[in-house]
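Accompanying notes for the structure given below.
The values are calculated or read from the model by the stated rules, or taken from the named source; none is laboratory data. Note that the coordinates shown come from a computational prediction; the quantities given were computed from them, not determined experimentally. Methodologically, a virtual Cβ is constructed for each residue, glycine included, from the backbone with ideal geometry; neighbour enumeration extends over all protein chains shown. The area values use the complete protein model at the heavy-atom level, side chains included, leaving out ligands, DNA and RNA. Shrake-Rupley method; radii C 1.70, N 1.55, O 1.52, S 1.80 Å.
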Amino acid sequence: GTKPSNYSTFALAKYTMTTYQRSCLIASGYSTGEGKYAYNQIVLWDAGKILGGSGDGTNYKYWLGQTSITLGKTYLFEGHYKSNVSPYLGQIWLNNVSETTTDLISGTAQINSGQEYKTSIGTGGESMGNYFQGNLQEIIIYCNDQTSNRSAIATNINSYYSMYATDVDAQAFVN
């Protein structure tokens, strides 16, 4: 379908390569190239940092998390994008913790180009490459804004998979 104005993606995954390299967990788009026609991206970027982005071919924006992930460790990756606010808002979360992001490519990503977008899991698009190298346990994609529900969704996923400690877990350990 066409690109939604907002999206939220949750992915429980582990990158299994032994050195950092670009590896796409999920992307939606309609063109090959540099990802300028894409949205809903969660990509392992240089130095093990997570990249998110959105664009319509003319206007695009990428944001980059500042924490390098540990290869071989499972994370709950989250990407949230809201284009119905100004400025456009992109967020990345790792294990229910918000990432500080910087603009890798600054600009204004557009809300809807009218083009048909296809979602690719494990690749950067129909022919972009950067294939996902790892294990994917669960992925949930919302074509609307779930930032107000994101903590409950992340907690629910972690309750099932027990991937990271919560405040309740830490308190039980101390007591």
Next item on the list: On the full set of protein chains, 1.4 Å probe, figure out the accessible area of T19 and give it in Å² to the nearest 10.
Entry: 80
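Evaluate E = 1/(1 + (r/R0)^6) for K73 and I141, where r is the Cβ-Cβ distance and R0 equals 22 Å; express this FRET efficiency to the nearest 0.05.
0.45
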Margin query: Highest mean first, how do 133-142, 69-78 rank when packing is the count of other Cβ atoms within 10 Å averaged over residues?
Written below: 69-78, 133-142
